[in-house]
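Asker: Let me give you the structure first, and then I'll get to my questions.
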Amino acid sequence: MNDVEIVPLRLTHVDAVLDLGHRAFDVATMPYTSWSLSSVATHWDAQPDACWVAIDDTGLLGFVLGSLSYDKREDWGYLEWIALEERARGRGVASALVKHCCDALFTAGASRIITDVETGNVASAEMMRRNGFAEGVTVALFVRPNPHVQPAAGRHPVQDPARELLRHRRRS
């Protein structure tokens, strides 16, 4: 992790975080969630000390967003979003982000921290295990597509109008 800094999320990072998230997260895989400016803002507003970015001299390498409270459990932390640029993988950046987020959540009073990893994401699951997470719940999400509707060809990222506004204001 030479020349990599883990720093608190700041307004100057939000555009790059949104961009990386749009490239990293396939919300079709996890249909109960979506990625947008409000995804970042909700965590940053609720628990700013659990939101971190990794940067180097070329820019953003990755980020993590966590919050204190999961569902109705106010004593559980939730590490909900983590993403890395391809060039940051295998360098310990994700583990450093996880450590900073978890330290902040435990300091804020979390008795445990949960996260979820898409079933096919073996690298992320292994990274979480190396960082002290264990599979604790086994739930299968069953999906039944509408047989009368053809799936759209290709992936089309959800557009976030707030992101364009933020980009415009940052350039001004």
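Asker: Could you work out how much longer the chain between D49 and S95 gets when fully extended? Use 0.36 nm per residue separation minus the Cα distance between them, nm to one decimal.
Answerer: Length gained between D49 and S95: 14.9 nm.
Asker: Could you tell me which chymotrypsin sites (Phe, Trp or Tyr not before Pro) in segment 93-150 are loop residues by DSSP with no more than 10 other beta carbons within 10 angstrom of their beta carbon?
Answerer: Taking segment 93-150 and a limit of 10 other Cβ atoms within 10 Å, the loop chymotrypsin sites (Phe, Trp or Tyr not before Pro) found are F142.
Asker: Then there's this: I need the P(r) histogram for segment 83-126: all alpha carbon pairs, bin width 5 Å from 0 out to the longest distance, whole percents.
Answerer: The percentages, shortest bin first, are 5, 18, 25, 24, 17, 9, 2.
Asker: Moving on. Between R73 and D3, how high is the FRET efficiency from 1/(1 + (r/R0)^6) when r is the Cβ-Cβ distance and R₀ = 41 Å? Nearest 0.05.
Answerer: E(calc), rounded to 0.05, equals 0.60.
Asker: Next question. Between E86 and A41, 0.36 nm times their residue separation minus their Cα-Cα distance comes to what?
Answerer: Extra length available between E86 and A41 comes to 13.8 nm.
Asker: Under a crude label model (7 Å from the Cα following the beta-carbon direction), how far is I114 from D19 in nanometres?
Answerer: Result: 3.4 nm between the two label points.
Asker: Be a star and scan segment 68-109 for residues whose amide nitrogen sits under 12 Å from the point 7 Å along the Cα-to-Cβ vector of T58.
Answerer: 85-89
Asker: Please state the Cα pair-distance histogram of segment 51-124 with 10 angstrom bins from zero: what percent is in each bin?
Answerer: 20, 48, 27, 5, 0
Asker: Take the Cα coordinates of segment 1-130, assign each an equal point scatterer, and use the Debye formula without solvent to give log10 I(q)/I(0) at q = 0.10, 0.14, 0.21 Å⁻¹.
Answerer: With one equal scatterer per Cα and no solvent, log10 I(q)/I(0) is -0.28, -0.57, -1.38.
Asker: Provide the gained length on full extension for the span A125 to N146, in nm with one decimal, where the gain is 0.36 nm per separating residue minus the Cα-Cα distance.
Answerer: Fully extending the segment from A125 to N146 adds 4.5 nm.
Where a number appears in this text, it was derived from the coordinates with a stated rule and is not lab data. Note that the structure is predicted; figures quoted are calculated from it, not measured. Neighbour counts are summed over all protein chains in view; Cβ atoms, including those assigned to glycine, are modelled from backbone coordinates with ideal geometry.
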